[in-house]
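Only one structure is covered here, and it is reproduced in the block below.
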Amino acid sequence: ESAQEKESDWRKHSEEAAPTEELASLAKAAEADYRKALSIDEKNAEASLRLSMLLNDMNPETHSDEILQLLEATIAQDPENISAQLNLGAVLIQRDELDRARTVTEKVLEQEDSGQARFNLALALLFKGDGAAARTQFELALSKGGNVPEGLAWFYIAWSHADEGNMEVARNLYSEKKTVIPDDFKSIIEEKLR
């Protein structure tokens, strides 16, 4: 509970754009408490999952191997944990382990057909080079809603069309969905559409 309170404080302060030192201190305190919980009970699936999520939010590249281990430990203790499976799929995509990400995500879809699972599957398909199948999954993800990042889904749909040479479709789609695509991604797609 102490770790969750500290993590909650960290997330709240992150949204408020608190000073970097304060955020780092809060994150490290939450991390230490999760690690303590795991040292007391290494089979604590909740602590493993929460620590993996915290480390991923802190710095996914630095902590990639540990995040993967924590998620695998969580699933070993709680095989039906959808959140852990979704996070595992996302981490595998970040690590470019796309075949395994697809397998994990398809297993999630057997349990729960959610927008987030469809979004993860779409990313795995897209990065494997199957733009058409990815677009179908992005559209399904958007239709299911939930925690699906709408702007990113439309970015990737437009990007995949451009990647396949369907420039007019990509330009029209970008023009139509420009307001929901995150600012950080607009320059990427605009460069591709030139």
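Quick note: the coordinates plus some simple rules give every number you see, no bench work behind them. What you see is a predicted model, and the numbers here were worked out from it, not measured in a lab. Here the Cβ is made from the backbone with ideal geometry for all residues, glycine too, and neighbour counts use every protein chain on show.
Remarks
- Scalar couplings 3J(HN,Hα) for region 92-100, obtained by applying the Karplus form with A = 6.51, B = -1.76, C = 1.60 to θ = phi - 60°, are 5, 5, 4, 7, 6, 9, 6, 5, 5 Hz; x denotes Gly and Pro.
- Nonlocal amide H pairs with Asp78, under 5 Å, H built at 1.01 Å: none
- Unit charges at the beta carbon, dipole of the chain: most positive-side option, Leu193, Thr62, Asn87: Leu193
- If you look at the Cα atoms of region 71-119, you get an Rg and a Dmax of 9.8, 26 Å.
- The phi-based Karplus calculation (6.51 cos²θ - 1.76 cosθ + 1.60; θ = phi - 60°) puts the 3J(HN,Hα) values of region 176-182 at 6, 10, 3, 5, 9, 6, x Hz, whole numbers, x for Gly and Pro.
- Reduced Cα scattering model of region 150-194, Debye log10 I(q)/I(0), q = 0.13, 0.23 Å⁻¹: -0.20, -0.64
- Isotropically averaged projected area of region 104-175, using the convex hull of Cα atoms (one quarter of hull area), nm²: 4.4 nm²
- Between helix 64-77 and the chain: long-axis angle, C-alpha atoms, 0 to 90°, nearest 10: 70 degrees
- Its residue count N sets the reference 2.2 N^0.38 Å, and the alpha-carbon radius of gyration of region 4-110 equals 1.10 times that reference.
- Think of each Lys and Arg Cβ as +1 and each Asp and Glu Cβ as -1; about the Cα centre, that makes the dipole of region 1-42 roughly 100 debye.
- Spin-label model, Gln111/Ala24: points 7 Å from Cα along the beta carbon direction are separated by 3.7 nm.
- Debye intensity ratio in log₁₀ form over the Cα atoms of the chain, taken at each q of 0.10, 0.12, 0.13 Å⁻¹: -0.48, -0.68, -0.78
- Using alpha-carbon coordinates, inclination of helix 115-127 to the longest axis of the chain, degrees: 60 degrees
- Between helix 20-40 and the chain: long-axis angle, C-alpha atoms, 0 to 90°, nearest 10: 60 degrees
- Note that region 98-143 carries a Kirkwood radius of 10.0 Å, evaluated over its alpha carbons pair by pair.
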